[in-house]
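The values are calculated or read from the model by the stated rules, or taken from the named source; none is laboratory data. Bear in mind that the values here come from a model prediction, so they are computed numbers and not experimental data. A quick note on method: Cβ atoms are made from the backbone with ideal geometry, for glycine too, and the neighbour counts reach across all protein chains shown.
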């Protein structure tokens, strides 16, 4: 296998995401106005929504990579699907934690089993189980095939979570339709858009780094197997030293 070499794209993505995150932080604390009802605690909103968006997007990527793998059986699609799940879990966890911190002063509790939060909890368990499934299945091709099917089916939790606050009575705010009890101004929208862009760039950077790490691990494993085989076949009687 070819050595990964210097990753100029990864370096560029890291630089862009760093600049974008600094810009987002600056806008959250110095550009976006203080919300009239909730006060400064509302600033968590920009991190909460951006984290949830990236988590959903990461699971969409895993869904698409699962379809691609089943259609072409190429290992690269399986690697992308695996790495995207791992990163998606991090961002969805961030969304749940930041949402709980936001809920405490607004709802008076860190957690309530309303539809959106219940689905988010189940979603976390389902994608954690994706990692457990991969660890339990032997054989790289069989593991990749099972993971692809699982990633496709698990994606149903994303639209369920998205539509939960629109299909059922819930205390979770629906900012897009103006049902969140929050006065959204144009500067808030600008800040949210920059936060979404910054978190998406961070996701792309992490995905790039994680996939290259996985490829390096596979290259080392392949080299180790090749060396062991060569040593075995070079010995009299085909035995190791």
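Observations on the model:
- The lone exception for residue 88 - which of (1) under 16 Å from residue 62 (Cβ atoms); (2) in contact (Cβ under 8 Å) with a residue 40 or more places away in the chain it fails: (2)
- Restricting attention to segment 190-210, the residues that are over 18 Å from residue 94 (Cβ atoms) and within 13 Å of the chain's Cα centre (by Cα) add up to 1.
- Residue tally, condition touching a residue at least 40 places away in the same chain (Cβ under 8 Å) and either in contact with a helix residue (DSSP H, G or I) (Cβ under 7 Å, 6 or more places away or on another chain) or surrounded by 14 or more Cβ atoms within 10 Å (Cβ to Cβ) (or both), over segment 125-142: 4
- Candidates 55, 10, filtered to the one that is in contact with a helix residue (DSSP H, G or I) (Cβ under 8 Å, 6 or more places away or on another chain), at negative phi, part of a helix (DSSP H, G or I) and modelled with pLDDT of 95 or more: 55
- A single member of 168, 162 is at negative phi and either modelled with pLDDT of 90 or more or touching a helix residue (DSSP H, G or I) at 6+ places or on another chain (Cβ under 6 Å) (or both), and it is 168.
- Residue in segment 83-102 that is over 22 Å from residue 192 (Cα atoms), at pLDDT 95 or above and surrounded by fewer than 22 Cβ atoms within 10 Å (Cβ to Cβ) present: yes
- Qualifying positions in segment 24-51 - without any contact (Cβ under 8 Å) to a residue 60 or more places away in the chain and within 23 Å of residue 92 (Cβ to Cβ): 25, 43, 44, 48
- Looking across 203, 240, 232, one residue alone is modelled with pLDDT under 70, in contact with a helix residue (DSSP H, G or I) (Cβ under 9 Å, 6 or more places away or on another chain) and part of a helix (DSSP H, G or I). It is 232.
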